[in-house]
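One structure is given below, encoded as structure tokens.
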Amino acid sequence: MDILSKLQAPEGAVTKRTRVGRGPGSGLGKTAGRGQKGQKARAGGNINKKHFQGGQTPIQRRVPKRGFRNVHATPVLFVNVGDLEIFDSGATVDVNSLHATRLIHGKLSAIQKSLKSGELTVKILGDGDLTKKLSVTATKFSKSAAEKITAAGGQVNVLPKPVARSPRRPRRVLRDAPRRSPEIFGAEIALEPIRD
């Protein structure tokens, strides 16, 4: 017996969608179960939003606003020198190793792409002590961080700045160009005399 062809939902599991406002016989006609008038009877009504507080000025409008977020700022990932102690002496520290040790977070491919295009900066700061010889590669180094790395016998490698793309030159539009005569195109206009 083919069971799959005889499968069906149990009784009562599937119900028709309630269609409100379709006559008094349905029990939800005319006012469609909303009662008469009032804010809750209106479409929208602005009453079921989580920030609605009964009509009083909501908290997000009462609290003072301060500062702004610069949308053009280049995001910076900070790593302190003291955090580099987890690497073995003689290791090479770059974006891949920092990501592998969870010192920087995010999708690795996106970080590498942003670094290449100059949309992201990885900076090494000087908080903490470093006792191991490391070769550290990053976009920027603070002065104290560079001193601590070199004092431990390590090497500071600064990533080169990406080459800025030159903006597209606008198309040249010739304005008020002199009209060229037909002779330029190899055409000659011959006027014949009008004959009666």
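The values are calculated or read from the model by the stated rules, or taken from the named source; none is laboratory data. Keep in mind that what you see is a predicted model, and the values were worked out from it rather than measured. Because the Cβ atoms are built from the backbone with ideal geometry, glycine has one as well, and the counts that use them run over all protein chains shown.
Some notes on this structure:
- Arg22 being within 30 Å of Gly55 (Cα to Cα) and at pLDDT 90 or above: no
- Residue identified as surrounded by 13 or more Cβ atoms within 10 Å (Cβ to Cβ) and of a type in the set (Gly, Ala, Ser) among Gly55, Gly38, Gly90, Gly82: Gly82
- Scanning the range 59-93 for residues that are touching a Lys or Arg at 6+ places or on another chain (Cβ under 9 Å) and part of a loop (DSSP other than H, G, I, E, B) yields Phe87, Asp88, Ser89, Gly90, Ala91.
- Some residue of the range 110-123 being in contact with a Leu (Cβ under 9 Å, 6 or more places away or on another chain), aliphatic (A, V, I, L, M), closer than 11 Å to Leu84 by Cβ and assigned to a strand (DSSP E or B): no
A quick yes/no check of all residues on (1) under 16 Å from Ala91 (Cα atoms); (2) of a type in the set (D, E, K, R):
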position: Ile111; (1), (2): no, no
position: Val122; (1), (2): no, no
position: Leu125; (1), (2): no, no
position: Thr131; (1), (2): yes, no
position: Ser135; (1), (2): yes, no
position: Lys143; (1), (2): no, yes
position: Thr150; (1), (2): yes, no
position: Pro160; (1), (2): no, no
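- Of all residues in the range 127-151, those that are outside any loop (DSSP other than H, G, I, E, B) and surrounded by fewer than 17 Cβ atoms within 10 Å (Cβ to Cβ) total 7.
- For Lys30, the requirement of being touching a Pro at 6+ places or on another chain (Cβ under 9 Å) and without any contact (Cβ under 8 Å) to a residue 40 or more places away in the chain is met.
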